[in-house]
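K.L.:
Quick one: the structure is below, and I'll ask about it shortly.
Throughout, read-outs are computed from the coordinates displayed, never taken from laboratory work. For clarity, every value in this text was computed on a predicted model and none was experimentally measured. No Cβ is skipped: glycine too gets one built from the backbone with ideal geometry, and neighbour counts run over all protein chains shown.
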Amino acid sequence: MARVVLLHGVGKSARAMAGLERALAGAGYATLNVTYPSRQHRLETLVEDVHQTARDFVSGEGPVHFVCHSMGGLVARGYIGRYRPGALGRVVMLGTPNQGSELADLLGWNPVYKFAFGPAGQQLRTRPDAATTAFLGEVDYPLGIVAGDRPLDVFGWLYLPKPNDGRVSVAATRVAGMTDHITLPVDHEALMRDVGVQRQVLAFLRDGKFMPNPA
């Protein structure tokens, strides 16, 4: 049976991915919806935390896919680089700041930002340190990226390059080696709950490409 590891974004838990998990389970996938301490450690340590939970699941029969929201996509990149499953399948990222976030550049010094995003939040800058760049590695696997462009956060919309989802610009979600990319009219915090996004996730896991965007 095909399996899917779900990784939430910073400050969230597995509950944030529950609707998407139900959609995947309904389509016949075995799922592992991981909660990890996203605000407590750097990305390298978060990967180790995820590995402790996921290593038995990813070593089973059938392909292993990853579906990730926001910073969870960076955790997945680091995880694949360090503990690549032998039967790695496809990866879908929702609003992941692959090129970093201008908000991290602007607010990284701020105590409120540091509390909300933790040590890994300092690694989200648009010019990451060499260690972070090496840790994330190159994308050499099937990767589909969903970006949003209908933000509810006015501050984020005003400050970030447009279009954006209020947290991450569409341009920042892209990464060299990606297989497909689609932009949908969704806010950053709603990407994993949106039915249209969920349909695109299922399409990419099934076909290796997104469905044509009606918009």
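K.L.:
Tell me which residues, restricted to region 90-112, are touching a Phe, Trp or Tyr at 6+ places or on another chain (Cβ under 6 Å) and more than 11 Å from Gly144 (Cα to Cα).
P.N.:
Leu107
K.L.:
With (1) among the polar types (S, T, N, Q); (2) part of a helix (DSSP H, G or I); (3) surrounded by fewer than 16 Cβ atoms within 10 Å (Cβ to Cβ) as the list, and Thr126 as the residue in question, which single condition is left unmet?
P.N.:
Going through the list (1) among the polar types (S, T, N, Q); (2) part of a helix (DSSP H, G or I); (3) surrounded by fewer than 16 Cβ atoms within 10 Å (Cβ to Cβ), Thr126 breaks only (2).
K.L.:
Show the residue pairs meeting these rules: Cβ distance below 7 Å; 6+ apart or different chains; first residue within region 48-73 and free of Cβ contacts under 8 Å to residues at least 24 places away in the same chain and charged (D, E, K, R); second residue surrounded by 24 or more Cβ atoms within 10 Å (Cβ to Cβ) and part of a helix (DSSP H, G or I).
P.N.:
As it stands, the answer is none, since no pair meets every condition given.
K.L.:
Out of Gly166, Gly144, Gly148, report the one residue that is surrounded by 20 or more Cβ atoms within 10 Å (Cβ to Cβ), touching a residue at least 12 places away in the same chain (Cβ under 8 Å) and at positive phi.
P.N.:
Going through Gly166, Gly144, Gly148 in turn, the sole match is Gly166.
K.L.:
In addition: Residues in region 199-214: is at least one in a loop (DSSP other than H, G, I, E, B), charged (D, E, K, R) and more than 22 Å from Tyr83 (Cβ to Cβ)?
P.N.:
Checking region 199-214: at least one residue is in a loop (DSSP other than H, G, I, E, B), charged (D, E, K, R) and more than 22 Å from Tyr83 (Cβ to Cβ).
K.L.:
Considering only region 153-184, state which residues are under 16 Å from His69 (Cβ atoms), among the aliphatic types (A, V, I, L, M) and more than 13 Å from the chain's Cα centre (by Cα).
P.N.:
Residues satisfying the conditions are Val170, Ile182, Leu184.
K.L.:
Return the residues of region 143-168 that are out of contact with any His (no Cβ under 9 Å at 6 or more places or on another chain) and assigned to a loop (DSSP other than H, G, I, E, B); say none if nothing qualifies.
P.N.:
Matches in region 143-168: Asp149, Arg150, Leu160, Pro161, Lys162, Pro163.
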